[in-house]
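Some notes on the structure that comes next.
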Amino acid sequence: MTPNSANSDAVLTPTQLNRLAKDLLEDAIGVVSVEAEISGLTRASSGHYYFTLKDERAQIRSALFKSSAARLKFAPQNGLKVVARGRISLYEATGSYQLIADSLALAGTGDLHQAFEELKAKLTAEGLFDTDRKRAIPAMPRRIAVITSPTGAAIRDVLSVLERRFHLIDVDVVPVLVQGDQAAPQIVRALQAVDAAGRHDVVLLTRGGGSLEDLWAFNEEPVVRAVAAMNTPTVVAVGHETDFSLAEFAADLRGPTPSAAAELLVPERADLGRQLNGLQARMEHLLQRRWQTMAQRLDRAQLRLSAQHPQAQLAKTQDRFRVLMQRLQSGMDHRLSLRSSQLNGLGRALNSVNPLQTLERGYAVVRDSNDHVVQSAQTVARGDALRISLRSGELLATVTDTLPETQE
């Protein structure tokens, strides 16, 4: 059937109608150039790109096949403003109107992309994304707060990973909108409330993939600043691995995807088991070394105790007593000998002046009636009584006369 053969009486199948519409579109419009913003970009495993071209009031589904994509000088991204050149067609299987692009050329940055870059530059200059502001995520958190949509795929993925890896951790889900005008204020309030409560070791802010518009709440300045102001270590995982949000730049750690973020937050049970086994082996080794050390100390203590036994101490004391007695006896003998020599010397000195020794040589000691030794004839007179001491015995005499002292 050709376009000219169609009439109001013809009965068409959907396939015939879509083919007719496709032919009419391609013949009537042909090749066109469209300036618009890329949104909802996906790249199939075949290498084909599928996306939407949009402006403020309308959008058109578009495709760029692998052969045409290979000639591009840039990587298509959501938010880029491009000039797409191609032909209008219709996908017969679904009746979808689309633009098959043969080429893409940059036409300037899209509004959202431009806003993203401007805010990123501003916050970077403030130091909000500096590496030295980021804190370490706890290796073994006990309680995690997950701020996300309670009905999205992201929360199911996160909870599944946490349960599989380490189910003993407490997880509190804090429900918020993750897209739309009210998403950013709700996210900010949730972050501030969780941080103020101080009950959690780490916070995960997350959502699944989507277009730049869908993810825009995570690029809102209040959300980015709320993430940067968190006292609780915070992980942000938004969309797919190729999606980047400003909230992720401000976080302590970026998760490539919600599931990957959950894996970063908790250890694997098997890994913990291996670590525990290693620690147990090390502890047993240390205990064995400690036991050996204590056994050696006990042996030395027993030897010292045996040496300090009362019987051994008594024997040592007796030996020491004997040595001391010997030293005392030797000292006493020495002192006695010394004193004896000194006494003999004194005796000899005393004898040398002893008057009795003089008497032994025939001399006598004369005393008057007052028992004074008479040393001069001038001290007595005629008729005085004298007592004369000899070596043996005494004589009583009376002075009959005195003789003058002879001159030599």
Subject >> Residues (part of a helix (DSSP H, G or I), among the polar types (S, T, N, Q) and closer than 18 Å to residue 226 by Cβ) located in the range 116-148 >> reply: 124
Original post:
Between a first residue in the range 238-258 that is touching a residue at least 60 places away in the same chain (Cβ under 8 Å) and more than 15 Å from residue 148 (Cβ to Cβ) and a second residue that is among the β-branched types (Val, Ile, Thr) and crowded, with 19+ Cβ neighbours inside 10 Å, which pairs have beta carbons less than 7 Å apart while being 6 or more apart in sequence or on different chains?
Top reply: 246/224; 250/224; 250/227; 252/234; 252/235; 253/235
Original post:
Identify, please: which residue in the range 184-210 is within 17 Å of residue 248 (Cβ to Cβ) and out of contact with any strand residue (DSSP E or B) (no Cβ under 9 Å at 6 or more places or on another chain) and is, among those, surrounded by the most Cβ atoms within 10 Å (Cβ to Cβ)?
Top reply: 184
**OP:** Please find, among 151, 232, the residue that is part of a loop (DSSP other than H, G, I, E, B), among the hydroxyl-bearing types (Ser, Thr, Tyr) and open to solvent by 50 Å² or more (accessible area, probe 1.4 Å).
**Re:** 151
Original post:
Among the numbered criteria (1) in a helix (DSSP H, G or I); (2) at pLDDT 75 or above, which single criterion is violated by residue 267?
Top reply: (1)
Original post:
Can you name every residue in the range 154-183 that is over 35 Å from the mean Cα position of the chain (by Cα) and open to solvent by 10 Å² or more (accessible area, probe 1.4 Å)?
Top reply: 177, 178, 179, 180, 181, 182
Original post:
Identify, please: which residue in the range 196-214 is of a type in the set (A, V, I, L, M) and assigned to a strand (DSSP E or B) and is, among those, nearest to residue 140 (Cα to Cα)?
Top reply: 202
**OP:** Identify the single condition in (1) of a type outside the set (Phe, Trp, Tyr); (2) under 24 Å from the mean Cα position of the chain (by Cα); (3) open to solvent by 100 Å² or more (accessible area, probe 1.4 Å); (4) at pLDDT 80 or above that residue 289 does not satisfy, given that it satisfies every other one.
**Re:** (2)
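The values are calculated or read from the model by the stated rules, or taken from the named source; none is laboratory data. Fair warning: this is a prediction, and the values are worked out from it, not measured in the lab. Virtual Cβ from ideal backbone geometry, glycine too; neighbours counted across all protein chains shown. For accessibility, only protein heavy atoms count, side chains too; no ligands or nucleic acids. Shrake-Rupley method; radii C 1.70, N 1.55, O 1.52, S 1.80 Å.
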